[in-house]
Structure formats: structure tokens, C-alpha cells
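Novice: I'd like to ask you about the structure that follows.
The values are calculated or read from the model by the stated rules, or taken from the named source; none is laboratory data. None of the values given here were measured: they were computed from a predicted structure. All Cβ positions, even for glycine, are placed from backbone atoms using ideal geometry, and neighbour counts span all protein chains on display.
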Amino acid sequence: MKKVLVAGGAGFIGSHVVNELRKRKIEVRVLDNFVGGNQNLGYFDDGVEVIEGDTCRKEDCKKALEGCDTVFNLAAHAAEGQSVFIPVFNAQTNLIGSVTLLAETINAGIRDVVFTSSIATYGKQKKMPIKETAPLNVEDPYAITKKAFEDYLRVYHELGQIDPYIVRFFNVYGPRQRMDDPYRGVVPIFINKCLKKENPVIFGDGLQKRAFTYISDVVEPICGIVGNKKLVNNPINIGTEKVYTVKKLAEEIIKKMDPEMKIEFIPKRTSDVKIAYCDTGKAKKLLKYRAKVSLSDGLDKTIEWAKGLGAQEFRYFDYTEIPKLTHGAYTSKKI
Ligand code: UD1
């Protein structure tokens with residue numbers, strides 16, 4: 001791995017990946033359309049080349065891939081709840097973009113491809129924690145596109161074209177995650193709510209469980225995955241095994257930021273998985289993986305960063321593709 005293209009490198013996880021690769025003295029080129037903003041470019045050193053472009057455009061992919069030997073594909077609109085009412089936008093960004101980049105990767109003769117998939121691909125499961133061998137019972141459009149692209153990678157691997165590394169992340173949070181996005185990322189949403197002196201709002205009873213994983217606990221392992229032959233075309237869960245309810249998360253953030261705040265409850269979100277956490281035995285065995293950052297420490301670091309930035313106005317999409325499936329919390333700007 002000498003020169004890596006990071007698609008979506010200006011995003012939350014992507015920009016941390018760029019920094020970690022540079023720490024490892026690897027040349028990095030970023031391809032990003034800056035839909036999520038370009039504020040993270042300020043974290044890059046001069047050695048990072050940045051191309052503004054779109055993975056949906058073949059010519060942009062071609063240009064960005066020139067001279068690279070590895071591709072990290074992190075270009076996505078990662079908003080599971082929102083994908084239910086903007087399925088076309090979701091398919092375009094998350095699937096067509098990835099497939100376009102993949103086709104050009106193959107045309108460029110590049111074999112190593114790292115793809116950040118998601119726990120969302122498992123959907124509703126009876127057995128927890130979820131192992132990689134579980135059936136993929138996708139439940140929403142975001143998950144469909146992640147699963148579908150995993151299949152594209154498998155098929156082109158079987159056609160002898162690429163060596164894919166597929167990592168399934170779960171509920172990653174940390175500095176640089178968008179705080180002004182009301183549709184995704186419960187951690188930054190709750191933190192922003194407290195900064196704005198507004199009560200955090202919970203969809204449903206708050207007893208849904210998630211394994212909130214601090215950013216460094218996913219970035220370090222994926223930057224070291226390429227070349228690990230056992231992980232070629234072999235999806236792997238990466239994240240913490242510690243699980244919290246959303247209610248507990250809200251209580252922790254309120255305790256740390258503003259004990260005056262009170263939790264508000266509203267009806268549950270469409271297709272919201274109740275309990276989702278993963279077994280990471282495979283990562284422990286094949287990557288010597290261990291999540292290191294506790295929720296309390298991770299929240300402290302994220303809150304410190306967020307305070308530096310200050311309260312943000314939430315930015316709502318001005319369109320929906322399926323109005324009747326748009327949760328009232330968004331139309332009424334309750335979140
Ligand atoms: C899912 C995926 C995650 C992926 C993300 C991309 C699962 C288990 N996780 O996250 O891997 O990166 O999509 O979008 O599928 N909530 C509130 N109030 C709020 C915001 C959220 O109660 O203001 C609740 C949600 O209803 C949900 C939980 O908090 O139950 C987490 O929501 P969110 O952070 O958006 O992520 P997931 O949908 O779990």
C-alpha cells in the first residue's frame with residue numbers, strides 16, 4: 001500500500017482514515033463532492049491531494065484513481081432512518097457511486113479495495129451479539145445498498161478482478177461528526193441539543209440498544225487491514241462489544257453537559273432496529289482487535305471538540321421523495 005485513494009475522504013470517518021494513513025507514511029489522494037462540507041480538509045497535511053468530484057461520475061473516478069494502488073471507499077450518505085423516505089437519493093449516492101468507482105478501479109487494474117459496510121446489513125436478528133455468519137435481513141434502503149455493494153465486491157472478486165476487504169461498522173461517533181445533521185448520529189445530535197439548551201428527543205421508549213464505538217476504535221484497524229489475506233472477501237465486524245440503551249446515552253450526555261435538560265419521548269422511527277450489537281471474535285482473532293475507548297472517555301473527547309465548535313443550527317433537507325414516510329419529528333423540526 002503506497003498510494004491510497006480515499007473516496008469520501010472529507011467526511012467524518014474518511015478524514016480520520018486520511019490522517020491515520022498519513023501517520024503511516026502512505027501517500028493519500030481524496031475524492032469528495034463536499035456535500036457534507038469541506039471543513040475537515042483543515043485537518044490534512046500538505047501531502048494530501050484533494051480532488052473535488054463525484055463517485056457517480058466515471059471521469060472523476062478515473063482521474064482520482066490514477067497512480068493509486070489501493071482504494072478506501074467511504075463515500076456514502078450514511079443516514080439509515082432518512083433513507084426510508086429518500087430511497088432514490090440513497091441508491092444514487094450509496095450504490096451507483098460505489099459501483100461506478102468499482103468499475104473504474106477494475107479498469108485501472110487496482111486490486112485492493114476497502115469498503116466500510118455496516119451492522120445495518122444484519123437488520124432484525126434473533127440472536128445477539130451478531131456474528132458475521134448471520135443472515136443479512138436488511139430492513140431499510142441504506143442497508144439494502146450496503147448489502148448490495150458487498151455482493152458486487154464478492155462477485156468481482158470471484159471474477160478474479162479485485163481483493164475486497166469488507167468491514168461492518170456500528171454506530172461510530174467522535175469529533176468531526178456532523179452536529180447539524182438531524183437525520184443521523186444520535187451522539188452528535190444529543191450533544192448539539194444540549195449545546196443549544198434544548199431537550200434531547202428519543203424515538204420510542206429509549207430502550208433500543210446500540211454499541212457506540214469511538215472513531216479511533218474503527219480507524220486504526222481498517223488502516224492495517226490491507227494485505228491480511230485471511231480477510232480478503234471475508235466481511236468482518238469492527239467496533240465495541242459494550243452496549244448501551246439510547247436512554248442511558250442521553251442520561252450520560254445530559255449529566256456531562258447540562259443536568260437541567262430533560263429527555264423527551266416521541267413515537268419510534270420507521271424501521272428502527274431495536275437491539276443491535278456484534279460479536280467481534282473474528283476481529284480479535286484475525287486482526288488482534290480490541291476496542292479501547294470507553295463510552296465515557298469517548299463522550300468526553302467528543303463533547304470537548306463540540307464545545308470548541310459551538311451549537312449548530314440543524315440543517316433539514318428541503319425535499320422528500322416519500323412524504324408520508326417522513327417522520328413528523330423532521331417536518332416539525334422537533335429534532
Ligand atoms: C445505523 C447503523 C449504523 C450506521 C448508521 C448510519 C444499526 C444498528 N446501526 O445507525 O451502523 O452507521 O445507521 O446512519 O443499524 N435516536 C433518537 N433520537 C435522536 C436520534 C436518534 O432516539 O435524536 C435513536 C434512533 O431512533 C436509533 C438510535 O438513536 O434507535 C441510533 O440512531 P442513529 O445514531 O441515527 O443510528 P442507527 O440508525 O442506529
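Novice: More than 23 Å from D217 (Cβ to Cβ), more than 16 Å from the ligand (Cβ to nearest atom) and either surrounded by 22 or more Cβ atoms within 10 Å (Cβ to Cβ) or at pLDDT 95 or above (or both): does that describe R22? Reasoning before the result, please.
Specialist: Values: more than 23 Å from D217 (Cβ to Cβ): no; more than 16 Å from the ligand (Cβ to nearest atom): yes; either surrounded by 22 or more Cβ atoms within 10 Å (Cβ to Cβ) or at pLDDT 95 or above (or both): yes.
So R22 fails the test.
Novice: Continuing with this model, one more query. In segment 243-265, how many are part of a loop (DSSP other than H, G, I, E, B) and within 24 Å of L136 (Cβ to Cβ)?
Specialist: Qualifying residue count for the region: 1.
So that you can scan it fast, the table gives a plain yes or no per residue for (1) buried (at least 18 other Cβ atoms within 10 Å of the Cβ); (2) touching a residue at least 40 places away in the same chain (Cβ under 8 Å):
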site	(1), (2)
Q92	no, no
L102	yes, yes
V114	yes, yes
P129	no, yes
K146	yes, yes
D151	no, no
F170	yes, yes
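Novice: Among the residues of segment 220-256, which ones are within 16 Å of the ligand (Cβ to nearest atom), surrounded by 20 or more Cβ atoms within 10 Å (Cβ to Cβ) and among the aliphatic types (A, V, I, L, M)?
Specialist: Selection gives I222, I236, I238, V246, L249, A250, I253.
Novice: Please go through segment 269-283 and pick out each residue that is among the charged types (D, E, K, R) and surrounded by 15 or more Cβ atoms within 10 Å (Cβ to Cβ). Step through it out loud before you land on a result.
Specialist: Quick first cut of segment 269-283, residues among the charged types (D, E, K, R) only: 269, 272, 274, 279, 282.
The answer is R269, D272, D279, K282.
Novice: Looking at I130, is it more than 22 Å from G11 (Cβ to Cβ), under 20 Å from the mean Cα position of the chain (by Cα) and near the ligand (Cβ under 10 Å from one of its atoms)? Spell out how you get there, then give the answer.
Specialist: Numbers: more than 22 Å from G11 (Cβ to Cβ): yes; under 20 Å from the mean Cα position of the chain (by Cα): yes; near the ligand (Cβ under 10 Å from one of its atoms): yes.
Taking the combined requirement at face value, the residue satisfies it.
Novice: If we scan segment 70-79, do we find a residue that is within 10 Å of the ligand (Cβ to nearest atom), surrounded by 22 or more Cβ atoms within 10 Å (Cβ to Cβ) and under 16 Å from R168 (Cβ atoms)?
Specialist: Within segment 70-79 (the criterion being within 10 Å of the ligand (Cβ to nearest atom), surrounded by 22 or more Cβ atoms within 10 Å (Cβ to Cβ) and under 16 Å from R168 (Cβ atoms)), the answer is yes, since at least one residue qualifies.
Novice: Here's something else I'd like to know. Select from segment 80-90 the residues that are within 11 Å of the ligand (Cβ to nearest atom) and either surrounded by 21 or more Cβ atoms within 10 Å (Cβ to Cβ) or closer than 20 Å to V219 by Cβ (or both) and list them in ascending order. Talk me through it step by step, then tell me what you get.
Specialist: Taking segment 80-90 first, the residues within 11 Å of the ligand (Cβ to nearest atom) are 80-84, 90.
Listed by number, the residues that qualify are E80, Q82, S83, V84, N90.
Novice: Kindly list, by first and then second residue, each pair from a residue in segment 187-213 that is under 17 Å from K274 (Cα atoms) to a residue that is in a helix (DSSP H, G or I), limited to pairs with Cβ atoms under 6 Å and residues at least 6 apart or on different chains.
Specialist: Short answer, once both residue conditions are applied: I202/V246; G206/V246; G206/K247; Q208/V246; F212/L295.
Novice: Of everything in segment 271-288 that's aliphatic (A, V, I, L, M) and not in a strand (DSSP E or B), which residue is farthest from the ligand (Cβ to nearest atom)?
Specialist: Among residues in segment 271-288 that are aliphatic (A, V, I, L, M) and not in a strand (DSSP E or B), the one farthest from the ligand (Cβ to nearest atom) is L286.
Novice: Out of segment 166-186, which residues are at pLDDT 95 or above, touching a Gly at 6+ places or on another chain (Cβ under 8 Å) and within 7 Å of the ligand (Cβ to nearest atom)?
Specialist: F169, N171, V172 - these are the residues of segment 166-186 that are at pLDDT 95 or above, touching a Gly at 6+ places or on another chain (Cβ under 8 Å) and within 7 Å of the ligand (Cβ to nearest atom).
Novice: Let me ask another. Being at pLDDT below 95 and either part of a helix (DSSP H, G or I) or not hydrophobic (A, V, I, L, M, F, W, C) (or both): is that true of K268 here?
Specialist: Taking the combined requirement at face value, the residue satisfies it.
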